[in-house]
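All remarks here apply to the structure that follows.
The values are calculated or read from the model by the stated rules, or taken from the named source; none is laboratory data. Computed from a predicted structure; not experimentally measured. No Cβ is skipped: glycine too gets one built from the backbone with ideal geometry, and neighbour counts run over all protein chains shown. The area values use the complete protein model at the heavy-atom level, side chains included, leaving out ligands, DNA and RNA. Shrake-Rupley method; radii C 1.70, N 1.55, O 1.52, S 1.80 Å.
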Amino acid sequence: MRFCMPLKDFWDLRPLVRKTGVRVAIQKKNGLPFFVKRFRKRWIFFAGVVLTIFLLLWCSQRLWGIEIRGNVMVTDDQIMDFMETQKVHVGISLSDIQVTELEKALRREYEDVIWTSIRIVGTDLMVDIKERDVPEPSVTKVDLNGMDMISPFDGVVVEAIVRSGVPKVKVGELVTKDQILVEARVPTYLEDGTIREWLTVTADADIWLEHQRYLEDSFSLYYVENQLTGREKTRYVLQFGNSTWSLDFQKNYYWEDVVETDEMPSFLQALELPIKFRKILHREGSKILRKLDEDGIKRVADEKIFDFLATLEEKGVQIIEKDVKISIEGDFCLIHGEILTREKVRLYRKTEEEFDKTGSKTTGE
């Protein structure tokens, strides 16, 4: 017969065994008492397991991080200082944090904070803040009264719509830099056709000029490339809070490429404990001087041309046509060309004053 029974019932078999004359043999013992007895000489191991479990449970009941979101006017440092005054800091027991009272105190401390939400997530304290909307600063309008619109460069007028002021150019006319396009001085005449006086107005017009821009740039045909040699070295780092211990005592590393990965078990990551175990892979590299091939030269040149054109488009400049050439001189690639653009005039200058024959000023500024 083969059967299983509890340990306490085994001792009750003695009178039955004696009366029946059978022999009892124990084939296998299962259970915690037998497991502990088997490893009774390794009590340090069990003590370490118990201590580890205790530390995990203790750490899971403490605060190990404070995350602040939504603040703009109130800085993170200010909020962290406020937390210190409320005796909320890293390492405090989570049960000692009064979330509701902390929210009220934070709103009382800063007038710009109109809403707060503080909650405990794992071992982190999440602080969400909404601040009072700040009115956008009013844009100060530039007083263009008495300001002439002038040309910022040489070009051809392709469009001109004048709403206020005296136009000085026509569509299709070639203008030069600093030439007056719209004059802010408007003359008033007497009955005999002579000028009575000059009135200053705000020059208001939409004038577009076609302008020739020039692109000149260069870059070296040689570049330095880091190439891995295949030699690698791995070291491990243990971090607890702000303290770090390296498990490799070698100090001299001449490796160029570093790959860092987190080796913490997933169940420990879920607890969000201030313990990190990292694996750092150092890979040796060497610097090699290489020369760009034709495709590389074209790629770099196209990037520089694209950046130049993108900068113009950000400024509201329209690209009409471009004629860019690439040439090689020695160890450098030269980029040069002409770009025809269409640009709106936004340049003003104080209008000149008019004087009559007697030398007295007649401008109504």
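Here is how the numbers come out for the structure above:
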| quantity | calculated |
| --- | --- |
| Those aspartates and glutamates that a straight Cα-Cα span of less than 15 Å connects to LYS350, excepting residues fewer than 8 apart in one chain | ASP143, ASP148, ASP178, GLU183, ASP204, GLU365 |
| Whichever lysines have a C-alpha closer than 18 Å to that of LYS325, once near sequence neighbours (fewer than 8 apart) are set aside | LYS298, LYS304 |
| Given charges at Cβ of Lys, Arg, Asp, Glu: region 14-147 dipole, positive-most of GLY91, LEU32, TYR110 | LEU32 |
| Hypothetical label at ASP331: residues of region 279-306 whose amide nitrogen lies under 15 Å (7 Å Cα-Cβ projection) | 288-292 |
| FRET efficiency estimate (nearest 0.05) - Cβ-Cβ, ARG38 to GLN98, R0 56 angstrom | 0.70 |
| With Cα atoms, 0 to 90° folded angle of helix 294-314 axis to the chain main axis | 60 degrees |
| Per-peptide average of other Cβ atoms within 10 Å, ordering 91-97, 340-346 highest first | 340-346, 91-97 |
| Filtered trypsin sites (Lys or Arg not before Pro), region 22-89: DSSP coil and at most 15 other beta carbons within 10 Å | ARG23, LYS28, LYS29, ARG40, LYS41, ARG42, LYS87 |
| Relative contact order of the chain, pairs being alpha-carbon contacts under 8 Å that are 6 or more residues apart, as % | 15 percent |
| Helix 99-109 axis, angle to the chain major axis (alpha carbon atoms, nearest 10°) | 30 degrees |
| The chain, dipole about Cα centre (Lys/Arg Cβ +1, Asp/Glu Cβ -1), debye to the nearest 20 | 5340 debye |
| Rounded, prolate or oblate (a/c below 1.5 giving rounded, otherwise prolate when a/b exceeds b/c) for region 77-218 by Cα gyration tensor | prolate |
| Simple label model, 7 Å out from Cα along Cβ direction - LEU228 to SER243, nm | 3.5 nm |
| Distance histogram in 20 Å bins (all Cα pairs of the chain, percent per bin) | 15, 21, 29, 21, 8, 4, 2, 0 |
| Cα shape, region 1-150, gyration tensor, a/c 1.5 rule | prolate |
| For the chain, calculated [θ]222 nm from helices alone, where every DSSP H run of n ≥ 4 adds -39500 (n - 2.57) | -7000 deg cm²/dmol |
| At R0 = 56 Å, FRET efficiency that the Cβ-Cβ distance of LEU57 and VAL158 yields, to 0.05 | 0.10 |
| Kirkwood Rh, Cα atoms: Rg over Rh of region 1-90 | 1.48 |
| Flagged links, alpha-carbon separation over 18 Å, of LYS8/LYS29; LYS87/LYS276; LYS177/LYS344; LYS177/LYS322; LYS8/LYS28; LYS168/LYS344 | LYS87/LYS276; LYS177/LYS322 |
| Dipole-positive endmost among GLY165, ILE305, LEU228 within the chain (Cβ charges, Cα centre) | LEU228 |
| VAL158 accessible area, assembled protein chains, probe 1.4 Å, Å² | 50 Å² |
| Heavy atoms of THR188 accessible to a 1.4 Å probe, total area in Å² rounded to 10 | 40 Å² |
